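Heads up, the thing below is written out as structure tokens.
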Amino acid sequence: MSNNTVVIEKSQNETMTAARASRRPLDYQQIALYKDVNPLDWEDWRWQLKNRISAKEELSQIIKLTKEEEEGIKKASGRLSMAITPYWASLIDPEDANCPLRRQAVPVISESVVSPHEMTDPCAEDRDSPAPHLVHRYPDRVLLLATEHCAMYCRHCTRRRLVGDHRESNSPAKFDAAVEYIKSDRKIRDVLISGGDPFILEDEEIENLIKKIRAISHVEFLRIGTRLPVTLPQRITENLANMLKKYSPIWVSIHFNHPKEITKHCKIACEMLADAGVPLGSQTVLLKGINDRPYIMKKLMQELLQVRVRPYYIYQCDPVRGTQHFRTPVAAGINIMEKLRGHTSGYAVPTYVIDGPGGGGKIPVGPNYILSQAKGKYVLRNYKGKIYTYLE
Ligand SMILES: *Cc1c(COP(=O)(O)O)cnc(C)c1O
Ligand code: SF4
């Protein structure tokens, strides 16, 4: 399907929504602000980007803003700015301030509260940076921050110190030093291109970067982290998919937080990538009031399998400044893992991790299934709590 011929669905299958049916009709043309938009424009990612919502006045034409949101939007300018694609805005419940898509996109005043233990760079990425745009924490792999821009700025973003549209440094970043560093260390066999969102770059820019990394003989594994199939699915074009296919294998990790994000458009985007032979994984941030109930998380994971995305990680929300209102107790995450493992397909069970504050890297946490361990004897419990002994 070409990017220009996506059929506008008059009604979407709403059974996928988890918590409650959205009051928002999923047809954007029913939103006054967008009723005259040409469907071809709507399907054009550049139109979507150009028409992102960044002002209170625009947003208030689509949703009924609360006092907390109005204040939050005012405070957010100059920091992690507000930017919402019309596509995402069309999915927001205009009446419900707790709508999971709304809370991820619309700043609230709580963001300006900095709580104890919160940090600007909780994962100490800047400290582990041997070259500009590069983080080298693990022995055999590096993280390359390809851009500071995203289609939409998530209010829970861990890299809020870096990303945001207020930094208009749109001159293409220079990766020469980063590439030289990767070249110089033969132990690096895995490069993760992230950001910001790498897919916000032009196809040619992405391709140039991929080419440079592919040219390094010891790099055998290349992956890209993105949220665009969720926040701007129109960006996944035939052209992009075909380009990625040329450099196969390239793995793609997609940031998904709620079943409502898996719309018809999102499904098409995932399908195009999967059809191009791109293995897809998911990354999910555990967010209070958004996906911290086991049945919502289970639904998300199961629906990801339906669109050929293999659940990869659930992250405990990092202690980044101004995100207290999103953070759950760790027990909430452990409880979710307890309710997944054994209760549903193993493929639907990701790994729950805490990124060790201060640069510890991802540390898996989860229910304990080993009750006791003595010489040659393990006492285990299964997902139902029944006890079994394994003799070595
Ligand atoms: C998450 C991360 C990686 C990749 O870790 P995997 O567990 O291999 O997915 C690499 N470098 C940094 C700095 C990271 O945060
Ligand atoms: S897409 Fe990722 S990098 Fe961009 S704002 Fe959201 S969480 Fe941050």
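Here, each number is a calculation from the coordinates, and none is a lab measurement. Quick caveat: nothing in here was measured; it's all calculated off a predicted structure. Cβ sites come from the backbone with ideal geometry, for glycine too, and all protein chains shown count toward neighbours.
Label positions at residue 180 and residue 293, each projected 7 Å from the Cα along the C-beta direction, are separated by 5.5 nm.
Taking every DSSP bridge with both residues inside the chain, close to 40 percent are antiparallel. Annotation for residue 189 and residue 242: the two label points, set 7 Å from Cα along the Cα-Cβ direction, are 3.4 nm apart.
Seen from residue 329, the other residues with C-beta closer than 10 Å to its C-beta sum to a net charge of +1, counting Lys and Arg as +1 and Asp and Glu as -1.
Could you estimate the translational diffusion coefficient of the chain from the Stokes-Einstein equation, with Rh from the Kirkwood formula over C-alpha pairs, at 10 °C and 1.306 mPa s, in whole µm²/s? Each step should come with its number before you reach the end.
Details: Rh = 22.0 Å.
Rounded to a whole number, D works out at 72 µm²/s.
Highest first, please rank the peptides 60-70, 193-203 by the mean number of other Cβ atoms sitting within 10 Å of their residues. Kindly include the intermediate steps, with their values, before the conclusion.
On the way: 60-70: 16.2, 193-203: 21.7.
Highest mean packing first, the order is 193-203, 60-70.
Provide the gained length on full extension for the span residue 57 to residue 110, in nm with one decimal, where the gain is 0.36 nm per separating residue minus the Cα-Cα distance. Display every interim value, and only then the final one.
Working: separation 53, 0.36 × 53 = 19.08 nm, distance 2.06 nm.
Length gained, residue 57 through residue 110: 17.0 nm.
Can you give the net charge of the other residues whose Cβ lies under 15 Å from the Cβ of residue 391, counting K and R as +1 and D and E as -1? Around residue 391, the charge tally is +1. A simple spin-label model places pseudo-atoms 7 Å from Cα toward Cβ; at residue 264 and residue 66 they are separated by 3.1 nm. Taking a sphere under 11 Å around the Cβ of residue 143 and counting the other residues whose Cβ falls inside, with K and R at +1 and D and E at -1, yields a net charge of +1.
A simple rule links phi to the HN-Hα coupling: the Karplus curve 6.51 cos²θ - 1.76 cosθ + 1.60 with θ = phi - 60°, which for region 122-137 gives x, 8, 6, 6, 5, 5, 8, 10, x, 8, x, 6, 10, 10, 10, 10 Hz, with x for Gly and Pro.
Near the amide H of residue 193, within less than 5 Å, lie the amide hydrogens of 144, 223, 224, 225, all on another chain or at least 5 residues away, with H placed in the peptide plane.
Note that region 134-364 shows a convex hull volume over its alpha carbon atoms of 123 Å³ per residue. About the centre of its Cα atoms, the chain shows a dipole size close to 1440 debye [charges on the beta carbon of Lys, Arg (+1) and Asp, Glu (-1) only; nearest 20 debye].
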